[in-house]
Amino acid sequence: MGVTVFIFLDKDLIFVHDSFIDFAGDVGYNKYKYISGVRMNHNIEPITEENVFVLDFTGLGSLPGDFSEEAQLLQETLGVYAQAIRVMHDKLGALKHELVTSNLRCPIEAVKSRVKTPESIAGKLAGRGFEVSVRSMVRNLDDIAGVRIICPYIDDVYQMVAHLQEMDGVQVLSRKDYIRSPKPNGYRSYHLILEIPVEDNTVKVEVQLRTIAMDYWASVEHELKYKKSIINGAQISEELRICAEELRKTEETMQQIRRKISGMLPA
Ligand code: 0O2
């Protein structure tokens, strides 16, 4: 099995096997101008992060458990999670529109999303002692669909949490506030596990909310975590912990300045 690409055209989810070229040939040129445009280099519409999900199935055969026997079901199930991400993007887009048209400030700086790769799913299941299967992944993992919302300020993060809680059909299953209670290594973010309706199903989505500064720190720290051989790992971790603390202080000061500028606090 090769690389699979999920493409959303309007509300339709389309699976693309192996390459855009095969796909464009299958579905016809006229109906999906978008894809043919990419293939034919007509530049009809740009492909954006929001409407293309690439899932790499190339390593599937060598994965532990019975994923390789369930390849088709795995692919379809991941497609449902990809749809859940699309639903979240739509909801966030609608919120943004509503705020902007009401002349209200939008607390969203950027939205990133991803569907966990089969390799990473299998690794996480095996690492936690669970069976590696589609059934087990649906039951045991909450972060197959992940959406990250990046906000300018700490207050914005909490405002976004409130907006998410009020969204139609969205249910909060659990939350972790690593902003009020940072992890020992300095990690700060607000995590929510949401359940959202997708066609006839409900699907779990992990939403991570953080500020620009928290995102900056987490990306650097994430790199360290996945570096196989690193010299002075302990020292770097300590330096990162100190940076996290400095960023926290700076962010809190910036937040106070913002409150003064917006008239919420006396200057
Ligand atoms: P990846 O590669 O980002 O997907 P859970 O993993 O949700 O079943 P856990 O471990 O209690 O259970 O979850 P937690 O603490 O809420 O963390 C979930 C995700 O938050 C992680 O997913 C990371 O994306 C992010 N995260 C948590 N702690 C850290 C940290 O110390 N540093 C960084 N950079 N990110 C962190 P994964 O699956 O671990 O990783």
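The numbers here are math on the coordinates, done by the rules we state, and not lab data. Nothing here was measured: the structure is a model prediction, and the numbers come from that model. No Cβ is skipped: glycine too gets one built from the backbone with ideal geometry, and neighbour counts run over all protein chains shown.
In table form, for the structure just shown:
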{"read-out": "Per-pair calculated FRET efficiency, R0 = 41 Å: ALA71 and THR250 via Cβ, rounded to 0.05", "value": "0.30"}
{"read-out": "Whole-Å semi-axes of the stretch 63-212's equivalent ellipsoid (Cα gyration tensor)", "value": "30, 19, 12"}
{"read-out": "Computed E for ARG135/SER174 - FRET, C-beta separation, R0 22 angstrom, nearest 0.05", "value": "0.55"}
{"read-out": "Cα gyration tensor, the stretch 207-254 - rounded (a/c under 1.5), prolate or oblate", "value": "oblate"}
{"read-out": "Under 16 Å from the ILE212 label point (7 Å along Cα→beta-carbon), backbone N, the stretch 243-266", "value": "247-248, 250-259"}
{"read-out": "Cross-link pairs LYS96/LYS227; LYS124/LYS183; LYS124/LYS249; LYS96/LYS116 - those with Cα-Cα distance over 32 Å", "value": "LYS96/LYS227; LYS124/LYS249"}
